[in-house]
Every structure is written in C-alpha cells, then in structure tokens.
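For reference, the structure discussed in these notes is given below.
The values are calculated or read from the model by the stated rules, or taken from the named source; none is laboratory data. These numbers were taken from a predicted model, which means no experiment stands behind them. All Cβ positions, even for glycine, are placed from backbone atoms using ideal geometry, and neighbour counts span all protein chains on display. Areas reflect the complete protein model, heavy atoms only, side chains present, ligands, DNA and RNA absent. Shrake-Rupley method; radii C 1.70, N 1.55, O 1.52, S 1.80 Å.
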Amino acid sequence: MNPHAKLIFYMSLLLGTTITISSNHWMMAWTGLEINTLAIIPLISKSHHPRAIEAAIKYFLVQAAASALFLFSSTINAWHTGQWDITQLTHPTSCLLLTTAIAMKLGLVPFHFWFPEVLQGSTLTVALLLSTMMKFPPITILFLTSHSLNPTLLTIMAIASAGLGGWMGLNQTQIRKILAFSSISHLGWMTLIIIYNPKLILLTFYLYSLMTTTVFLSLNTTKVVKLSTMMTSWTKTPMLNATLMLTLLSLAGLPPLTGFLPKWLIIQELTKQEMTTAATIIAMLSLLGLFFYLRLAYYSTITLPPNSTNHMKQWHTNKSTNITLAILTSLSISLLPLSPMILTII
C-alpha cells in the first residue's frame, strides 16, 4: 500500500475516533463512526487475499447496519423529545435500538458472529486496531448514555458474552480467533458494570487495550498466528515468549498481575449493588477463558514441537531491542501495586 494512502487512513481513524468521543450531538457521533468504518476497510483488505476481502465485506455490512440503527435511534429520540443531545436519550424504543446498534458495533452476544471471522481475515496490526481503537467510540457512547439503558437487557447480554467468549475460545487453534473470543468475554465484563459504575468501564477498557496491544505486538514480532507455530517460537525469542506468557496470564485476570484489577473492582461493585448472583456467574464463566489463556501460555513456553530438531536455538536471531514492547509488557504485568494511584486518577 502507498505510504501516503496508509497515512491518510490512519489519520482518518484518529479523526473519526476524536469526533465521536468529543461530540454531544448525535449526528456528529454518527459521522465519526462512519469515518472510522470507511478508514479501516482498506486496511483490512490491503493484502488482496480472498479471506481479507471477505473480512472487509463482512465488516462493512455489519457496521453499515449498525450505523443505520444508530441513526434511526437518534432520529426517533429527536422526533419525540426535540433534543439531539446524546445525554438526553429518554425514549424507550430509541434506547432499545441504540443498545442493539452498539452491541453490533462491539460484537456483543448475540451480534458476535462477524468479529472472529473479520479478525481471522486481517493482519495482526489491523486485528489490534479492530480489538482496541475501533471499540473506543462505541464504548464512549455507552458511557454517555448509560443512565438511560435497560439494566436487565445489558446484564443478559453481558453474561451471555462472557460465557460464549470463554466457551467458543476453547476449541480454537487460530490465535487471532482466540483473542477475538477473549475480546467478546472482556466486553461482557465491561457491559455488566456500565449501569452501576460507568467509570469502571473506562478503566477496564484501558487496561484491556494495554494488555491486548502487548500480546499482538509480541505475536507480530515472532510472526505467530496459530498454536502449532507458537510451539517453535521460543527458539527465536525465549525472553519475549516468557513475558508473553505472563501477559496472557494477566489478560486472564490472575491475581498478582495487572489484569486482576478490573475484575476485582467489578466484582466488588456488583456486590455493593446487591448483584451477588451475577457476580458469581460471571466469575465462574471467566474460568473458561482462563483455560485457553493457560493453554496459550503452556504452548508458548513449555511444550516442545512434535518434530525432532538438531539444535535448541537458532544460530541467527534478531538482536534489536524493542523499547516500546518492553515498556508495554512491564505495565501489563506489574500495574497492580499502583492501583490506589490509578483509582485516584479516574
């Protein structure tokens, strides 16, 4: 792809995200979402592979349908209330349509089918954008309208997303699909808490984006896209694989690591709101996700490849150090002791 065209697409992504998260008017928020969609489609299809073209078409169709529902919802609300302000969402039909539109854009259950397929057809860099940056504008709209949404509907979708994300990730061998179902599971945690403590969804999303960025950049460095090649990647970069294992365990939410912080706070908040049943169910469902994270960690560090090799380590390795990846890995693993400072900031 032409570097100038790539620069335009990436700048358009930043522009669309900025417009959506900084707007109070429904039409401006919709415009930002459309700019984002139009900017990411050429990046998905740039490899000219049939799988990439299929992923781009699926992404376009789903996002176009979600944007139409989003626009329809805001128009109905403006028709009945005379307000185009995002925070003034009061009409029940508009609330239902908006929840459906945002669920389609994020990939929440039952509108999750497109997300793993699109991620599988994309490169690791574009998959990273789809998992993190492209989810920020819809989550911001959820944050702004959280006081108007239906708690029962969001709770059902959240628990279903956490359960299905863990269940469907168990039998996958493609790492991008595993991370897609991981994203669906984490979105379930974020959606569950949005009504009761909206600030927690932002903290959860920031930490999820940090850990997911670290995992995708590590996989991009070792050029690993499936479990069978992950077994041999430790011969190229043994230290990077060790830190990748810790990052995956942090993404799973194991206690000494950074990923435990948002789950701990969400369960604590749900208990305060007397939603002990929902907290117990979603905590139990997270064990399904923990299994495939442990499997990824196991394959990346402990398992030997099934074929015999004459040497244990490659004679030529890339000696260049990636400072950005080192910083991201450190933050993804060891932010838990700084949690009091993080909580005072937000």
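Of the residues making up the stretch 222-245, one or more are at pLDDT below 90, out of contact with any strand residue (DSSP E or B) (no Cβ under 9 Å at 6 or more places or on another chain), aromatic (Phe, Trp, Tyr) and farther than 20 Å from Gly166 by Cα.
Residue-by-condition table, conditions (1) open to solvent by less than 60 Å² (accessible area, probe 1.4 Å); (2) in a helix (DSSP H, G or I); (3) β-branched (Val, Ile, Thr):
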{"residue": "Thr221", "(1), (2), (3)": "no, yes, yes"}
{"residue": "Val224", "(1), (2), (3)": "yes, no, yes"}
{"residue": "Met239", "(1), (2), (3)": "no, yes, no"}
{"residue": "Ala242", "(1), (2), (3)": "yes, yes, no"}
{"residue": "Leu246", "(1), (2), (3)": "no, yes, no"}
{"residue": "Thr258", "(1), (2), (3)": "yes, no, yes"}
{"residue": "Trp264", "(1), (2), (3)": "no, yes, no"}
{"residue": "Gln268", "(1), (2), (3)": "no, yes, no"}
{"residue": "Glu274", "(1), (2), (3)": "no, no, no"}
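Here the stretch 7-40 is the region considered, the condition is being over 23 Å from the mean Cα position of the chain (by Cα) and not polar (S, T, N, Q), and the residue that is nearest to Ser73 (Cα to Cα) is Trp26. On the basis of being in a helix (DSSP H, G or I), more than 20 Å from Asn322 (Cα to Cα) and without any contact (Cβ under 8 Å) to a residue 60 or more places away in the chain, does Leu251 make the cut? Considered against the rule, which asks whether it is in a helix (DSSP H, G or I), more than 20 Å from Asn322 (Cα to Cα) and without any contact (Cβ under 8 Å) to a residue 60 or more places away in the chain, Leu251 comes out as no.
On the given criteria, is Thr87 assigned to a helix (DSSP H, G or I), closer than 29 Å to Met168 by Cβ and of a type in the set (S, T, N, Q)? No.
For the stretch 323-337, the set of residues classified as open to solvent by 80 Å² or more (accessible area, probe 1.4 Å), under 17 Å from Leu251 (Cα atoms) and at pLDDT below 85 consists of Pro337 only. On the stretch given as the stretch 6-57, residues that are open to solvent by less than 30 Å² (accessible area, probe 1.4 Å) and either more than 18 Å from Lys135 (Cα to Cα) or of a type outside the set (Gly, Ala, Ser) (or both) total 12.
Tallying residues that are open to solvent by 70 Å² or more (accessible area, probe 1.4 Å) and within 21 Å of Ala65 (Cβ to Cβ) within the stretch 89-98 yields 1.
None of Ile86, Ile102 is open to solvent by less than 40 Å² (accessible area, probe 1.4 Å), of a type in the set (Val, Ile, Thr), modelled with pLDDT under 90 and more than 28 Å from Ser218 (Cβ to Cβ) except Ile86.
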